[in-house]
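A short worksheet on the structure shown next.
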Amino acid sequence: MPNLRFSPFRFWIVPLLALGPAISAAQAPAPQPVTDQETELGQEVYKQLRAKGEIVESSPLYEDLKPVADAIARVAQPRYPHPFKFFLVHETQPNAFATPGGNVYVVDSLLYFVKNTEQLAGTLCHEVSHTIHRDGVALMEKDKKIEEREVAAAVLLGPTRAHIIAIALLGKLQSLGYSRDAESKADVTGSDICAEAGYNPWGLPWLFQDFQNADVSHIPQLLSDHPANGTRIQTLEKHFRDNPSTFSKFDRDPKSATPFSVSKEAPVVFLRADTKGEK
């Protein structure tokens, strides 16, 4: 298999008013209201991303993401008390991460990176599993000591405790702070969710296999983590063998996958704090 290369792609980034009625692009969902500590932390992370101008408010890319995300949310929802909501964000590396409270953030470039629908579904199922397992909350409880530079930066803004914690959590989620055990468990639960949603759970192993032959400099953050991709593949394969009633009907051959592609000139409008106010 040839080494993978991540090619640059183009966005049309335009002011919302400039679009006028000519373009009616799908919109980002409204964030979940604060009802407990998890939604409070989730909203603070949302505010951080919005303040950085990274949340995509409007883009046809949502139309590509929505069918897969909706199918996964329907299956995953009974396992978690808050609604799952999927947001596109713009960052340099293909990635995805979930926060307490039900928000799942998908980096727009991931939609260009995956080869098929099953790889995208596998990634989303993995992320909602972190939320179901409350790994983000556990991550912060395990690391009570927030780095001094993060606290110092936050205190200047007069934030709440949740705001300070959110700054630290966002950094950890974007730099892969989960343990080996948490990653493996999210893989397994994610495969169960994918199967129940009707997506071939081999999508995630296919993605891992692709990256075993990829140029290291082009490996997305969501897969340059731990445990090693080979170990993760073995864990999933064993899970599939141990549960034939669930997984035997799915074809392990990547040639059976459903190709996934999106427009490389999709117009993108970013959500700004001063245009929407506090949500």
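Remarks
- Subset of the stretch 48-88 (residues that are without any contact (Cβ under 8 Å) to a residue 24 or more places away in the chain and either outside any loop (DSSP other than H, G, I, E, B) or within 16 Å of Gly102 (Cβ to Cβ) (or both)): Pro67, Asp70, Gln77, Pro78, Pro81
- Some residue of the stretch 138-153 being modelled with pLDDT of 95 or more and either more than 11 Å from the chain's Cα centre (by Cα) or open to solvent by 10 Å² or more (accessible area, probe 1.4 Å) (or both): no
- Condition check for Tyr112 on (1) within 20 Å of Glu54 (Cα to Cα); (2) in a loop (DSSP other than H, G, I, E, B); (3) modelled with pLDDT of 80 or more: one failure, at (2).
- Within the stretch 115-126, considering residues that are out of contact with any Asp or Glu (no Cβ under 9 Å at 6 or more places or on another chain) and surrounded by fewer than 24 Cβ atoms within 10 Å (Cβ to Cβ), the one farthest from Pro254 (Cα to Cα): Thr117
- Any hit, the stretch 63-77, residues being modelled with pLDDT under 95, polar (S, T, N, Q) and surrounded by fewer than 24 Cβ atoms within 10 Å (Cβ to Cβ): no
- The one condition in (1) under 14 Å from Val45 (Cα atoms); (2) open to solvent by less than 30 Å² (accessible area, probe 1.4 Å) that Lys85 fails to fulfil: (2)
The values are calculated or read from the model by the stated rules, or taken from the named source; none is laboratory data. Remember, it's a predicted structure, so these values are computed and weren't measured experimentally. Positions of Cβ are backbone-derived with ideal geometry, glycine not excepted, and every protein chain shown enters the neighbour counts. With ligands, DNA and RNA removed, areas are computed over all heavy atoms of the protein, side chains included. Shrake-Rupley method; radii C 1.70, N 1.55, O 1.52, S 1.80 Å.
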